[in-house]
Structure formats: C-alpha cells, structure tokens
1. Sequence-distant or interchain residues sharing an amide H contact under 5 Å with A:F174, placed H: which?
2. Looking at chain A as a GNM with Cα springs under 10 Å, which of A:G153, A:G187, A:G43 has the largest mean-square fluctuation?
3. Kirkwood hydrodynamic radius, computed over distinct alpha-carbon pairs, for chain B: how many Å, to one decimal?
4. In debye, nearest 20: dipole of the range A:124-198 around its Cα centre with unit charges on the Cβ of K, R (+) and D, E (-)?
5. If the elastic network links every pair of Cα atoms under 10 Å, which of A:P82, A:P233, A:P241 fluctuates the most in the Gaussian network model of chain A?
6. Percent of Cα-Cα pairs more than 47 Å apart in the protein assembly as shown, please.
7. Show log10 I(q)/I(0) for the range A:100-168 at q = 0.27, 0.28 Å⁻¹, two decimals, from a solvent-free Debye sum over equal Cα scatterers.
8. Please give the Cα centre distance for the range B:89-120 versus the range A:48-117, rounded to the nearest Å.
Amino acid sequence: MSEPMVVFDRVSKSYGALEVLKEINLEVAPGEVLSLIGPSGSGKSTLLRCVNHLERIDGGSITVDGELIGYRQVGNLAYELPEKLIAKQRARIAMVFQNFNLFGHMTVLENVIEAPVQVLGVPKAHAIEHAKGILDQVGLADKLETYPRMLSGGQQQRVAIARALAMKPKLILFDEPTSALDPELVGEVLDVMRALAEGGMTMMVVTHEMAFARDVCNRVAFMDGGKIVECGPPSEVLANPTHERTRTFLSKVN
Amino acid sequence: MDAPSSTLAQANDTDAGQKPMLTYVPIRGYGRKAAAAALLIILGSFLFSIAGNDNFGWPVVGQYLFDDRIMSGLLLTSWLTVVTMVIGVVLGTILAIMAMSSNGVISVVANSYLWFFRGTPVLVQLIFWYNLAALFPDLSIGIPFTSLWYSVDTNTVITPVMAAILGLGLNEGAYMSEIIRSGLMSVDSGQRQAAKSLGMTNGKSLWRIVIPQAMPIIIPPTGNQTIGMLKTSSLVSVIALSDLLYSAQTIYSRNFQTIPLLIVACIWYLSATSILTAIQSRIERHYGRSLLQADAPVRWRLFRSS
C-alpha cells in the first residue's frame, strides 16, 4: 500500500472547556474517498476544517503528503507558519462549503479563474481556457457570464466545485456539500462528486447522504462526541455496524 | 357602451355555463393626478414669484456668476473636497481595519481616534491645526537615540491650506471609518473563508473579495459625506482661505448685494452636488451589476473593459 496522503495523529481541539476533537487518529490514502458521518456536534466539520488550518488544533498533528499543516516543527516545538506559507499549503487543498460561498461580485468564469490567476500566477488567457474546460465538465459551459445569485443552489455548488478544481488540488474537502440544497438538486451535485471520485481524486466528505457514502466512498468514518467511533468500508460501517452508537445514528437517518 | 361590459355581453352570449373572461381595468387614481397637478401649480407660481421678483437682484447674479473671485473660490472648494475625501477614505479604511483587529491595543487606538475626532467640533480642529506653531514652534523627525534628526519651522509646513487639509481630512477619516467598517461587516464571513481556502492571504482576500462586496453598502453614505464636505469645507474661511462661500461674502461685504451673491454661491453648490450625485449613481450601478436581473442588459461598465 502506498504512503497515506493525509495523516491525523492524536489530533485534539477544544473551544474553551468544550473538547470537540479527542485524540483523533486517521489516515487517508491517495485516491481514496472517505466520508465522515455522525450526529451534528460530533466534530466532523471541525476535523475537516483543521486539514487546511481554517481551525487551529490544540494537540497532535495533521500532515498532508508528509508536510505538517500550519506549523513548522523544530525538535518538539511547532511554530505556527506565517500567513503566506499557510496560504501556500491551502492552495493545493481545496474546500467546498455547505453554503457554496461563491464570490457574489464575480461572474461564474471570474469565480473560477480568480485563485489560479491571483494565487498561482497563471496567465489569464490560460486560466480562462482551463476554467472553460472544467465548467464544461460540471455541465455549466453555458453560464460563464452569469452571476452566482441567478443560479440554482445545485448550479452554485457545481461552480464551487469547479472553482476548487481550477486549483488542481491534490485533495478536496467537502463540508456538507448538499445540505443546503433543495432535495431535487442534490443529485446533480452528487453526480459531479461521483465523477471526481471515479477520476481518482482524493476526497474527504462530511455528509448526511448515506447512499453517497455507501456507493461512492471507499471508507466511512462514524464520529460521535469528538471521537471516531468506527471506521471501515461502507459494507461494514453502514451495513453491519459493530457499535451501538453507530446503529442508533443509522436507524435515525435512514 | 364601454369596453368591459361589451366583453361581458359577448361572453354571456357564447356559452351560458362557462364563466366570462374578465377584462381588467386598472385603478384610475384621480386623487393622485389631482395632487400632482396641484403641486405643479404651486411650484410654478412659487418659481414665477421668485424669478419675477426684482428684490432677488437677478441681473447682479448674472454679473457675478462667473466672477474671477467666485471661480477661484469654487476651485478651492472643489479640490479641497476631493483631497479631504480621498484622505478620509484612505484613513477611514485603515482605521476600520484597525478597529476590527483582534489585537486589543490596535482596536483601542482606532476607537480612541474616532472618539476624539468625532467628539470635538471640526471648527476647533481647524483652528488648532492653524495655530500648531504656537504649541510646537518646530517640527522634528528622526531616529530616536541617534543624531539623525531633521527639524523645520512649523509655520513653513502648516500653511493655511495644509491646516485645512489636515483639519478636514483627519476629521473625515473618523466618520468614513464607521461607514467602511459597516460595509466590511456586511460581507458574509464565508467569503473570507472561501478566499482563505483558495490560498489567498488576508490582504488579497480583503482587496479582491471583501472590499468589492462591501462597496454597495459603503457608497451611498460616502456620497452623503462628500456632498456634506462640499459645504463643511466653507469653515476654512476662519483660517483665511477664500472658498466659494467666503468669496461671495467678501464681495457682498463691499457692494451689499448679499442675497444675489449668496444665490451665486448656491447655484455653484447645487451644480457641484448634481455632478457628485451623477458620479455616485454611476459608481453604484458599477458595483451593483451582480445584483441585476439575469435578462437585464449590462448598460456600461465604469472601470473594466471586458
């Protein structure tokens, strides 16, 4: 088996007295699609947001491709990196948000080329060509000049995925990508994600879509109370959970 | 017989069992039309009574409208407004960002600045800057604990013009800071997170993502401030600068044509306000283009060609 891409080593985090992550250990292999499921408040979104240092961790470490996220290690000390270096790490770890967070003052095309041009320094003409290709891939080639507010939720989320892909990421973090969508629009977003998974993209997906977790993900991690209760292939965790808490949760969502 | 009832009659003729098609007749609004007509009559007679009144001295207005002194006063008022507003916007942006800083010292310094400059009359601030030499006869700049110091007589630096720019600009910065802060806070925090997750630094996300989306909130009150400054700048007459209003006053103090010269000043103030209003609505349309309906044509763009 190849080296894991993401390694969580005893990751802990608290908000004041509230421990949201308790010594999480987890590995994600390149090309793997891992879904994080669990009740709200279980810490799954927080765990995801720690991977690109949108949240600081209080203990343990997260590495992506062997690189410590957010810190520079000297002996046993970890110094927080200056903003520019953190930004550089984030540039290759894309994130898709529950509320899309598209840039409202930019057209679809401008949204997709913004970071490649501004962060990676790709020439604009080149970025536009690339962006058109990606938007075609997510089925929005006819919406280049449209502003986000004129699009449906499903279309907006597909633009957000295109924006993430434009950075040629090695890893994409999905934070409940379909939770803000009307039920009939969930499918079009999941289809795009399914295609990405089949294309070999490494993905971590916080989701409530059990069917997606079952059909697309290589592994499912069930979290509760800041811990990973169980983790394994969907055929085990979703079909034959060993823990009572997992069973209780699954009986509620299905 | 008029149209609606004939439609009804036809419908009744064709099929007794089917409900007739309705013809809609909009409300007539006679009241509003009468009110509009009354307003026009009142306004018209008001304007007529002013235009036909010899006491207003319209020939004198015409005589002084393009007077050299009035023109140079207008020029001073115009550029002073522009310069102080530019200072106000730049300073206000810096102060707004400082006020929102997580570092307590930085935000307290910004808030103290606001407290002081909003809490004292701008007239006092103007006089203070003008008389700075009485408090600090020399201004020095240099590196502490070294002999690298440069000193200059205060009166050569703080000319009346400089005192006016400082007094009005620093005061305006305090007011603009609150306007800009409210604009920045109106942008959803998800926008910054998205920018961060794409590898943008704080500065870049502020400049490229947050500020452009704060503009629709910032522009209308900034337009207000600019128009206000056009007239507030007339306070500089206390430090011997001849702005538009002061130029008019100087003239009427000699020829006693008070009302005509004040009308001259007002005509120019109104003209400048009209121009500023037009500029404001253009900028608003530029930043509001993402809020337009899907089928609305983009009529023009101010800053970008593509």
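Rule-based calculations on the coordinates, nothing more; no lab input. What you see is a predicted model; the values in this text were computed from it and never measured. Here the Cβ is made from the backbone with ideal geometry for all residues, glycine too, and neighbour counts use every protein chain on show.
1. A:V96, A:M204, A:V205, A:V206
2. Looking only at A:G153, A:G187, A:G43, the biggest GNM fluctuation is shown by A:G187.
3. Hydrodynamic radius (Kirkwood, Cα only) of chain B equals 24.9 Å.
4. It works out to roughly 400 debye.
5. Comparing A:P82, A:P233, A:P241 in a Gaussian network model of chain A, the most mobile one is A:P82.
6. Summing the P(r) tail past 47 Å for the protein assembly as shown gives 39 percent.
7. Taking Cα atoms of the range A:100-168 as identical point scatterers yields -1.25, -1.33.
8. A separation of 30 Å, based on Cα centres.
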